[in-house]
1. Where the second residue is of a type in the set (Gly, Ala, Ser) and the first is without any contact (Cβ under 8 Å) to a residue 60 or more places away in the chain and lies in region 66-85, which pairs have Cβ atoms under 6 Å and are six or more apart or on separate chains?
2. For region 13-26, does any single residue satisfy the condition of being among the hydroxyl-bearing types (Ser, Thr, Tyr) and surrounded by fewer than 17 Cβ atoms within 10 Å (Cβ to Cβ)?
3. Restricting attention to region 41-61, and to residues there that are free of Cβ contacts under 8 Å to residues at least 24 places away in the same chain and not polar (S, T, N, Q), which single residue is nearest to ARG95 (Cα to Cα)?
4. Residues that are modelled with pLDDT of 90 or more, hydrophobic (A, V, I, L, M, F, W, C) and within 18 Å of LEU15 (Cα to Cα): does region 100-120 have at least one?
5. Take SER102 and decide whether it is surrounded by fewer than 17 Cβ atoms within 10 Å (Cβ to Cβ), touching a residue at least 24 places away in the same chain (Cβ under 8 Å), among the hydroxyl-bearing types (Ser, Thr, Tyr) and part of a helix (DSSP H, G or I).
6. Return the total of residues in region 65-83 being of a type outside the set (A, V, I, L, M) and exposed (fewer than 12 other Cβ atoms within 10 Å of the Cβ).
7. Take the residues in region 2-47 that are in contact with a helix residue (DSSP H, G or I) (Cβ under 6 Å, 6 or more places away or on another chain) and not in a helix (DSSP H, G or I), then tell me which one is nearest to GLY160 (Cα to Cα).
8. In region 106-128, what residues are without any contact (Cβ under 8 Å) to a residue 12 or more places away in the chain and not basic (Lys, Arg)?
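The values are calculated or read from the model by the stated rules, or taken from the named source; none is laboratory data. These numbers come from a predicted model, not from an experiment. Using ideal geometry, Cβ is built from the backbone for each residue, glycine included, and neighbour counts are taken over all protein chains shown.
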Amino acid sequence: MIDLRQLAGALDLWLCMWEPEEQERYETAVIRSMTDANSRPTRRHALALCYVVATPRLLSAAQRLADSRIFSAPDVAALEITVSPLRALVAAGRRVRGNVLSVEQLLARYVSNREDQEADATLDWIDVRDLVAVARTTIDARLFTEIERRIARRGKYQRGRAANVLGFNVRLRATHTGDQLSDPPIFGG
């Protein structure tokens, strides 16, 4: 029904929209993707993105598209259900935005128990600015290493924004060591 890689790329870009003006331009671009000038697959992906990002403006646009009956009501409902896990993860990351202590505690929870799937999934959606804030203040090398790994796994837009705006050098490649893939440190001078 939707290309999850394409949706992930669009979400990566959304997660770099830190300023209100950037967010507004992004929302406008998504809304324009839902117009008659675009193909049904493009419109479907934009609708999915509206449901995942879930800002009031995007949800309103999604409702207008759903009301237009371009897609059947069952198709719209199925799409919304399909992307609901992503929506929950984006919302979880949004809820802790700016709460560096909570982010640090979540990181500590995960490095203490790598089987903690809830913490693992949530950490993938934590704002990179919060990860960097913890990296700048933590004295726990395990957390620092985990932050490096998390940022290296992010999409190209988030990694680039972390490097450019936050003043870090980010090495984006991993190196092979025997049978394992290991990530070199990403924070540099």
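1. Taking only residues 6 or more apart or on different chains, the pairs are VAL76/ALA66.
2. Step one: list which residues in region 13-26 are among the hydroxyl-bearing types (Ser, Thr, Tyr), which gives 26.
Checking which are surrounded by fewer than 17 Cβ atoms within 10 Å (Cβ to Cβ) leaves us with none.
Looking through region 13-26, none of the residues is among the hydroxyl-bearing types (Ser, Thr, Tyr) and surrounded by fewer than 17 Cβ atoms within 10 Å (Cβ to Cβ).
3. Within region 41-61, the first condition is being free of Cβ contacts under 8 Å to residues at least 24 places away in the same chain, and the residues that meet it are 41-42, 46, 50, 56, 59-60.
Applying the additional criterion that residues be not polar (S, T, N, Q) yields 41, 46, 50, 56, 59.
On the way: PRO41: 31, ALA46: 23, CYS50: 18, PRO56: 16, LEU59: 18 Å.
Checking each candidate, the answer is PRO56.
4. Narrowing region 100-120 to residues modelled with pLDDT of 90 or more: 100-120.
This time we only want the ones that are hydrophobic (A, V, I, L, M, F, W, C), so: 100-101, 103, 106-108, 111, 119.
After this cut, where a residue has to be within 18 Å of LEU15 (Cα to Cα) as well, the list is 100, 103.
Scanning region 100-120 turns up at least one residue that is modelled with pLDDT of 90 or more, hydrophobic (A, V, I, L, M, F, W, C) and within 18 Å of LEU15 (Cα to Cα).
5. Values: surrounded by fewer than 17 Cβ atoms within 10 Å (Cβ to Cβ): yes; touching a residue at least 24 places away in the same chain (Cβ under 8 Å): no; among the hydroxyl-bearing types (Ser, Thr, Tyr): yes; part of a helix (DSSP H, G or I): yes.
Against the criterion (surrounded by fewer than 17 Cβ atoms within 10 Å (Cβ to Cβ), touching a residue at least 24 places away in the same chain (Cβ under 8 Å), among the hydroxyl-bearing types (Ser, Thr, Tyr) and part of a helix (DSSP H, G or I)), SER102 does not qualify.
6. Narrowing region 65-83 to residues of a type outside the set (A, V, I, L, M): 67-69, 71-72, 74-75, 80, 82.
Within this subset, residues satisfying the condition of being exposed (fewer than 12 other Cβ atoms within 10 Å of the Cβ) are 67-69, 72, 74.
Total satisfying the criteria: 5.
7. Checking each candidate, the answer is CYS16.
8. Kept after step one, since they are without any contact (Cβ under 8 Å) to a residue 12 or more places away in the chain, are these residues of region 106-128: 109, 112-118, 120.
Answer for region 106-128, where residues must be without any contact (Cβ under 8 Å) to a residue 12 or more places away in the chain and not basic (Lys, Arg): SER112, ASN113, GLU115, ASP116, GLN117, GLU118, ASP120.
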